[in-house]
Amino acid sequence: MDSTLRMLYHLAQGPLVWAAFILFWVGSVYQVARLLSLTRKMETRRRGRAPDEGPLSAARSTDGQPGRWSARLRLSIAGTHSLTIGVSVIFHTLLFMVPLFLLAHNILVDEAWGVSLFAFREKLSDYLTWLFLACVLFFLLRRILLARLRAISSFQDYYILFLAAAPFASGLLAYHQIFDYRTMITLHMLLGEIMLVSIPFTKIAHLFLFFVLRFLVNHEYSLGSGRRAWR
Amino acid sequence: MPDRVATEVTVSAESTAVDPARIKQMLNRHKAKIKISLRACVHCSLCAESCFLYTSHQQAPRYMPAYKFIHSTGLLYKKKGKVDRACLEKIRDIVWQDCVLCTRCYCVCGIDIPGLISLARGICRSQGVYPDFGVSGDG
């Protein structure tokens, strides 16, 4: 048993890290390139932006008055679903920030390459991890309790939420040395690697798809140039 | 006088068979868009309130824009066009009765939901499955 764990530990902290990072980057570049190849640049816009009349136009910032932005926000999806959007913004920010600015991660990077990012105090990372897990719980309860979410939920929705939460939960348990540390840290590394590899190949790909669909593809709600159309 | 539009379809004898190859051909023309849209949909349900039919039907999930595109074009795509008439008739009720294609639905991820519902309408129509409004002029 102990030798299996030792082998897994060495595998997870060595070759699998490289494999995960390589698969993540190759997969991500492939997905973005494929998305761009599936769309083409348009000569002219086919569908314009939202008409200038209507409730949004009154809120549109034309003279830069400070009140206008709050009106825009109120009329946007953040006004309709303030709580969900708020939790979602916190969730996605922490998903990137906590692992990137974690002291332990940065020490490892520093030991390996002699460079590192700025790191949060350990206590802060601890609180932020709890906050992140609370956001996960919010999404999970929402998915279980709301009929409209149950109507469209599939196994993959639960799976990607698990993939996001598992490295955080196992990292927290390892940091607090709850259960066997060696097992927890091995599990933490393996789960993190599975999560990384899954990004380009599961629904987590909305990480790229969001930007392509909202910023590049032309439609009424395009946020960016919106100068591409589906082939 | 019925309070809803009658969806009984007048089907002629030669059009009863469904042509999966033709459906697949129509789906393939928009394969990229369908595939990416299905993957991009994170099933967040935030599109619900943008549908006036959803808000005016006691928030019944079947009026949610995501539900409508997943169970019409999404279903046709997953089954690769291999569906029977009963299935197409279910889709017909979704894309004509539960959606009026007002194109006001808002997706956080930028999915073109009206475009996908419109495609499902086209596919149903190609198989002779569409609502009979009683004013077709055929008789």
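Only the coordinates and a few stated rules stand behind these numbers; no lab work does. Nothing here was measured: the structure is a model prediction, and the numbers come from that model. Because the Cβ atoms are built from the backbone with ideal geometry, glycine has one as well, and the counts that use them run over all protein chains shown.
Some observations on this one:
- Counting Lys and Arg as +1 and Asp and Glu as -1 over every other residue whose Cβ lies under 9 Å from the Cβ of A:Tyr175, the net charge comes to -2.
- Environment charge at A:Ala134 (Cβ cut-off 14 Å; Lys +1, Arg +1, Asp -1, Glu -1): 0
- Label-point separation, B:Gln97 to A:Val109 (7 Å along Cα→Cβ), nm: 5.6
- Neighbourhood charge, 10 Å Cβ-Cβ cut-off, centred on A:Leu209 and excluding it, Lys, Arg +1 and Asp, Glu -1: +3
- Packing, taken as the mean count of other beta carbons within 10 Å per residue, orders the peptides B:116-123, A:103-110 from highest to lowest as B:116-123, A:103-110.
- Sequence-separation-based contact order of chain A, relative, with Cα cut under 8 Å and 6+ spacing, percent: 30
- Checked against a 22 Å cut-off, the cross-linked pairs B:Lys31/B:Lys78; A:Lys203/B:Lys82; A:Lys203/B:Lys90; A:Lys123/A:Lys203; A:Lys203/B:Lys79; B:Lys24/B:Lys68 give Cα-Cα distances beyond that limit for A:Lys203/B:Lys82; A:Lys203/B:Lys90; A:Lys123/A:Lys203.
- Only the Cβ atoms of Lys and Arg (+1) and of Asp and Glu (-1) were treated as charged; on that basis the dipole of chain A about its Cα centre amounts to roughly 1280 debye.
- The string of couplings for segment A:195-205 from the Karplus curve (6.51, -1.76, 1.60, θ = phi - 60°) is 4, 4, 5, 6, 3, x, 10, 10, 5, 5, 4 Hz, one whole number per residue in order, with x for Gly and Pro.
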